[in-house]
């Protein structure tokens, strides 16, 4: 089975925070995606 995928990553600090704790990564082979959501010091 063959299939095509498209992906993108973006992170926004917003209007309240002074720093961005979010991280994301995409590795092409094998298809691997990772997301770490920063929790603002909690």
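Just so it is clear, none of the values below were taken in a lab; they were calculated from the coordinates. Fair warning: this is a prediction, and the values are worked out from it, not measured in the lab. Here the Cβ is made from the backbone with ideal geometry for all residues, glycine too, and neighbour counts use every protein chain on show.
Key figures for this structure:
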{"read-out": "Scan of segment 27-39 for residues that are touching a residue at least 24 places away in the same chain (Cβ under 8 Å) and in a loop (DSSP other than H, G, I, E, B), ordered by number", "value": "31"}
{"read-out": "Whichever residue in segment 1-26 is touching a strand residue (DSSP E or B) at 6+ places or on another chain (Cβ under 9 Å) and in a loop (DSSP other than H, G, I, E, B) and, among such residues, is farthest from residue 37 (Cα to Cα)", "value": "7"}
